[in-house]
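Undergrad: Supplied in structure tokens, the structure appears directly below.
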Amino acid sequence: MTFETWAAFTAASAILLVIPGPTVLLVVSYALGQGWRVALPMATGVALGDFTAMTLSMLGVGALLSASATAFLVLKWVGAAYLVWMGIQLWRAGGAGASLPERGGASRPGRMLAHAWLVTTLNPKSIVFFVAFLPQFLDPAGDFLAQLLVFEITFLVLAFANAFGYALLAARARGLVRRPGVLRIVNRAGGTALVGAGVASVAVRAP
């Protein structure tokens, strides 16, 4: 792999990650509600979710989803349902200090990590995207496994840093939005966006 190829992959991945999506919305919402302490578990969950999607893609699940309408439809509906559920929970939080209240300890690091992992993983576009994205940078004459390892590590480091950065920025802005009315607007806007993302993902057709 040449440095130019790696640099192009890194730049493309960074641009992709910085664009706010369902995962970023979830990270920002948690950080606004609970502060900087959510940054590490949420960023870890995002990285694990991307790792899961990339690994499944390389194991051929992406090809299966692209070829099988039934498999794609099942994963699409599961992911969409989870995004909608998360959006409803966020909307119901209103002006509460915790963005996603849940009896039994929604603020536990493990629970936050799991939420971030599920939102990132249960997105059919992620798996199909990696199948379409990674081959563009692969050198057929090079070591396949070595290239995949470099690409995965690079993408996961970027994904972690991106989510961590969003969480810290949102946590810092938390002091500016302490009023319940402002939190209510933020939570409901984020909830609406998550529900919209869930509905939109259902409209995605298998390639």
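The values are calculated or read from the model by the stated rules, or taken from the named source; none is laboratory data. Everything quoted here is computed from the prediction, not taken from an experiment. Don't worry about glycine lacking a Cβ; one is built from the backbone with ideal geometry, like all the others, and counts go over all protein chains shown. Side chains included, ligands, DNA and RNA excluded: accessible areas come from the protein's heavy atoms. Shrake-Rupley method; radii C 1.70, N 1.55, O 1.52, S 1.80 Å.
Undergrad: Of Thr70, Thr23, which residue is modelled with pLDDT of 70 or more, of a type in the set (S, T, N, Q), surrounded by 19 or more Cβ atoms within 10 Å (Cβ to Cβ) and in a helix (DSSP H, G or I)?
TA: Going through Thr70, Thr23 in turn, just one is modelled with pLDDT of 70 or more, of a type in the set (S, T, N, Q), surrounded by 19 or more Cβ atoms within 10 Å (Cβ to Cβ) and in a helix (DSSP H, G or I): Thr23.
Undergrad: Within the range 38-56, is even one residue more than 26 Å from Val150 (Cα to Cα), out of contact with any strand residue (DSSP E or B) (no Cβ under 8 Å at 6 or more places or on another chain) and modelled with pLDDT of 80 or more?
TA: Yes, that holds for at least one residue.
Undergrad: Condition check: modelled with pLDDT of 70 or more, open to solvent by less than 40 Å² (accessible area, probe 1.4 Å) and more than 13 Å from Tyr30 (Cβ to Cβ). Does Gly110 satisfy that?
TA: Spelling it out, it is not the case that Gly110 is modelled with pLDDT of 70 or more, open to solvent by less than 40 Å² (accessible area, probe 1.4 Å) and more than 13 Å from Tyr30 (Cβ to Cβ).
Undergrad: Test Val150 against the stated conditions and say whether it is over 20 Å from the mean Cα position of the chain (by Cα) and either surrounded by 15 or more Cβ atoms within 10 Å (Cβ to Cβ) or modelled with pLDDT of 80 or more (or both).
TA: yes
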